[in-house]
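Data first, discussion second: the structure below is written as structure tokens.
No value in this document is a laboratory result; all are computed from the given coordinates. The model shown is predicted, which means the values in this text are computed figures rather than measured ones. Because the Cβ atoms are built from the backbone with ideal geometry, glycine has one as well, and the counts that use them run over all protein chains shown.
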Amino acid sequence: MIEVYRKLPKESFELILRNIAVRDYMKRIWEQYNVLGKLEYVDHFDKMFEELFRFFIRPFEVIIFNERFIRSMFPMQDFLSARDLISAYADFVESLASHMKLTLQLLSQPIIKTPVDKFIEDWMDFARKFEVPARFPQDLPFALPADAKNYLIDCMKHWGDFVSDYEKYREMLRNSFRRSIENFCNFLSKSNVNSFDEFKNSLQDYLAKEFDALLKSEDYLKLQQRLFDALFDHIYCLRRFLELLLENNPASPFATVSQLDEAYKRIMDLRRKILELEKRIEALEVRLHDRKD
Amino acid sequence: MIERIRDIDVKTWTCEYEVVHEDWLFKLLHFKGERRHRVPLLFVYAFINRPYVLDLHEDVSVVRKLIAEGIDVWMIDWGYPKRADRFFRISDYIDYIDFCVERIRRERKVEAVTLHGYCLGSTLAVIYSSLYPEKVKNLVIQTPPINFDTENTLALWAKHLNPEKIVRAVGNVTGEMLNIAFLLVDPIRLVFAKYQGLLDNIEDPKFLKEFFYMDFWIFDSPAVAGSVFEELIGRWYHKNELIKNEYEVNGKKVDLSKITMPVLALYAEKDHITPPSSVLPFLEKIPSKDKKALSVDKGHIGLTVSKSSHAKLWKEAIRWIVERSD
């Protein structure tokens, strides 16, 4: 299997495996139809849908990792909730300590440092360790380089748009699939399909008809456009945000993609000028040669 | 099944060639063969796939058939653009075609060549022919998108894309992105029916060979340089500038009324990428007195690699080329 994976284009390999699974589900559905003489929407159809459209949906899911990445860089919510908890616990410990201190003072002669004082000191040392990271999310807006804040805000906004449209996109594909299967089931209830091949080909025709219409429909085209716009805006804003963090860090040893692009653009412009000059020189040489002749 | 697939040995480029020029990303190839006709032929392939589909394997090699007829065959390979190539423009492609044509003219001591464009290579060939008609003896356009205002799914999708947003985010449009798009325009036939067909024919070695030769080629997709993608979607699909005579290259207007040389158009009736309506308005528009269209009841790729197409359409097409090559 590994040899085949290495040898085939990765798309072919994936599509073959998925179609083997699809065939397996189709055969089970066909057997069910063969026994009962009729067919209803069954779970196996959902599994078929997942196999067929996973190939298209996966690239979007890969993008979802971007959002996880940002969260891992700036886990603001995690920090804030942990900070609240620590703060509440510190209040509790402080009041408990006051209570214990007063109790001890009542029962014994005052001493320079009670065990309670020691506990409070140790606890405050421990809590202080959280101070810098706990303040970091609050200070972040002031710490970001110019423009980076806007890219970060835009990046999150486009992400929200993308997620919302992505759900609609999945539903749209799934509804079309479901509709074509229902039409196929209706067809089966009125016809006599005698072989698996005939069954498979009819299913394919019903699916193709539905998806041909869907993929050209105005609703689909608009949704796909919104989805792509949000996705590519999100990618761009995230990249620019990260680039600005790098570009403004004097210790960063990396050139960003935008800086490289600028260099590539200048090189390309120079290349065109050189080619143009070469052409002119060649033309001059020909003219010179003609004159000599 | 694993054993059968493991035994497949895909070896494309069946005809011998040499790289006669290499410029950064682009290459000019020359195929070896006995030259019996005066006018050389230069293939201008599309920049979104690899040109070896014209020499995929011996049974369906268009290049081999042309060489067998004594045609002197040259080909441009547009390569695999990387991030550093994102600022290549359509005009750079046209300039390289001109460089190649000049080189062939000089080496073969001819006034003009036969320019054979394929898919988006046809679009480039049409642009070149209108800018430099004196250097093009014959123009052959194969599954050519020239009128981009069509109703096929791919064109509708392209019209609803925002190329600037895509390019500023990703630089070049990668082969993987294009592969997914080309499959999703017809998911049931290309993802479901096609591979179910493979499972049906898994015992047939001939079927397997042809299937995997095609799949290797289909998924061997170069990226499209960012600036080229912007022009392709923005100026060709959105504005349809070419057929309206509004497109410009390096400040020169592309005027289709300059297409007076003999023109042969090859198109496929079931083409879901460049339907017949992509080319027929072009044929009506150009003033050429010697123009012909040949079609086949196949899809975009079937025109090039199907046996039935080779038995009929290609025989006729090659005869047309040979008759105009002296």
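For B:Arg83, put the label point 7 Å out on the Cα→Cβ axis and report which residues of region A:259-293 keep their amide N under 17 Å from it.
Residues A:259-268 fall inside that zone.
When only DSSP loop residues count, what trypsin sites (Lys or Arg not before Pro) in region B:246-300 have their Cβ near at most 11 other Cβ atoms within 10 Å?
Here the trypsin sites (Lys or Arg not before Pro) that fit, given the DSSP loop and packing criteria, are B:Lys289.
Report the Cys residues of the protein assembly as shown lacking a disulfide-compatible partner, meaning no second Cys Cβ under 4.7 Å from their Cβ.
Singleton cysteines: A:Cys185, B:Cys15, B:Cys100, B:Cys119.
Output the relative contact order of region B:171-326, whole-number percent, from Cα pairs under 8 angstrom with separation of 6+ residues.
Reported as a whole number, the value is 17 percent.
Can you work out the Karplus-derived ³J(HN,Hα) for every residue in region B:153-166? Use 6.51 cos²θ - 1.76 cosθ + 1.60 with θ = phi - 60°, whole Hz, and x for glycine or proline.
Once θ is set to phi - 60°, the couplings for region B:153-166 become 4, 4, 5, 4, 5, 4, 5, 9, 9, 10, x, 4, 5, 5 Hz.
Averaged over peptide A:48-57, how many Cβ atoms belonging to another chain are found within 10 Å of each residue's Cβ?
2
Sort B:Glu248, A:Glu11, A:Glu61 so that the residue with the fewest other Cβ atoms within 10 Å of its own Cβ comes first and the one with the most comes last.
Least to most surrounded, the residues fall as A:Glu61, B:Glu248, A:Glu11.
Rounded to a whole number, what is D in µm²/s for region B:195-260 from Stokes-Einstein with the Kirkwood radius over alpha-carbon pairs (25 °C, 0.890 mPa s)?
Reported coefficient: 157 µm²/s.
Got a sec? How would B:Ile321, A:Ile57 order by Cβ neighbour count within 10 Å, fewest to most?
A:Ile57, B:Ile321
Given H placed 1.01 Å from N in the peptide plane, which residues other than close sequence neighbours of B:Val249 have an amide H under 5 Å from its amide H?
Correct list: B:Val254.
Going through region A:233-274, which chymotrypsin sites (Phe, Trp or Tyr not before Pro) have at most 14 other Cβ atoms within 10 Å and a DSSP loop state?
Passing both the DSSP loop test and the Cβ count: A:Phe254.
Give me the one-decimal nm value for the distance between modelled label points at A:Ala97 and B:Asp200, 7 Å along each residue's Cα-to-Cβ direction.
Distance between label points: 8.0 nm.
A:Arg271 versus A:Gln259, label points 7 Å from Cα toward the beta carbon: distance in nm?
Calculated label separation equals 2.2 nm.
Please average, across the residues of A:6-17, the number of beta carbons from any other chain that are within 10 Å of each residue's own beta carbon, and give a whole number.
Neighbouring Cβ atoms belonging to other protein chains average 6 per residue here.
Below 8 Å, C-alpha to C-alpha, sequence gap of six or more: please give me the relative contact order for region B:49-161 in percent.
Across region B:49-161, relative contact order equals 16 percent.
Is it possible to state the helix-based mean residue ellipticity at 222 nm for chain B, with each DSSP H run of 4+ residues giving -39500 (n - 2.57), the sum divided by total residues, to the nearest 500 deg cm²/dmol? What is it?
Mean residue ellipticity at 222 nm (helix-derived): -10500 deg cm²/dmol.
Hey, what do the phi angles of region B:100-117 turn into as Karplus ³J(HN,Hα) couplings, whole Hz, using 6.51/-1.76/1.60 and θ = phi - 60°, x for Gly and Pro?
So the Karplus estimates, Gly and Pro as x, are 5, 4, 4, 4, 5, 4, 5, 5, 9, 6, 10, 7, 8, 10, 8, 9, 10, x Hz.
FRET efficiency for A:Ala90 and A:Ala143, Cβ-Cβ distance as r, R0 = 35 Å, nearest 0.05?
FRET efficiency, A:Ala90 to A:Ala143: 0.85.
For B:His116, what residues show an amide H to amide H distance below 5 Å, using hydrogens built from the backbone and excluding near sequence neighbours?
Under 5 Å from the amide H of B:His116: B:Leu42, B:Phe43, B:Val44, B:Val140.
Note down the nm distance, to one decimal, between modelled labels 7 Å out along Cα→Cβ at A:Lys47 and at B:Asp149.
Going from the A:Lys47 label point to the B:Asp149 one covers 5.0 nm.
Between A:Leu284 and A:Met1, what is the FRET efficiency for a Förster distance of 56 Å, r being their Cβ-Cβ separation, to the nearest 0.05?
0.30
Within 10 Å, count the other beta carbons around each residue, average over each peptide in B:78-86, B:144-152, and list them highest first.
B:144-152, B:78-86
Would you list which aspartates and glutamates come within 15 Å of B:Lys27, measuring only between C-alpha atoms, while excluding same-chain residues fewer than 8 positions from it?
Within the straight-line limit of under 15 Å, B:Lys27 reaches these aspartates and glutamates: B:Glu18, B:Asp77, B:Asp85, B:Asp92, B:Asp95, B:Asp98, B:Glu102.
Check which residues have an amide H placed less than 5 Å from B:His21's amide H, if you skip close sequence neighbours.
So B:His21 has HN proximity to B:Leu28.
Can you list the lysines whose alpha carbon sits under 21 Å from that of B:Lys244, skipping same-chain ones fewer than 8 residues off?
B:Lys159, B:Lys252, B:Lys253, B:Lys258, B:Lys285, B:Lys289, B:Lys291
If you count the DSSP beta bridges with both ends in the protein assembly as shown, what percent of them are antiparallel, to the nearest 5?
For the protein assembly as shown, the DSSP antiparallel bridge percentage is about 35.
With θ taken as phi - 60° and the coefficients 6.51, -1.76 and 1.60, list the Karplus ³J(HN,Hα) couplings across region B:297-305 in order, rounded to whole Hz; mark glycine and proline as x.
Residue by residue, region B:297-305 yields 7, 9, x, 4, 8, x, 4, 8, 10 Hz.
For the protein assembly as shown, what is the largest minus smallest coordinate of the Cα atoms on each principal axis, given in angstrom and ordered from greatest to least?
Answer, in whole Å and largest first: 121, 84, 45 Å.
Which shape class, rounded, prolate or oblate, goes with chain B when its Cα gyration tensor gives a ≥ b ≥ c as root eigenvalues, a/c under 1.5 marks rounded, and past that a/b bigger than b/c marks prolate?
Verdict is rounded for chain B.
In nm, what is the difference between 0.36 nm times the number of residues separating B:Glu69 and B:Ile180 and their Cα-Cα distance?
Contour length minus the Cα-Cα distance gives 36.1 nm.
Can you sort A:Leu288, B:Leu280, B:Leu115 from fewest to most other Cβ atoms within 10 Å of each residue's own Cβ?
Lowest count first: A:Leu288, B:Leu280, B:Leu115.
In percent, how large is the relative contact order of chain B, given Cα pairs closer than 8 Å and 6 or more residues apart?
Computed over chain B, the figure is 22 percent.
Taking beta carbons within 10 Å but only from partner chains, what does the mean come to for residues B:278-287?
Mean inter-chain Cβ contacts per residue within 10 Å come to 0.
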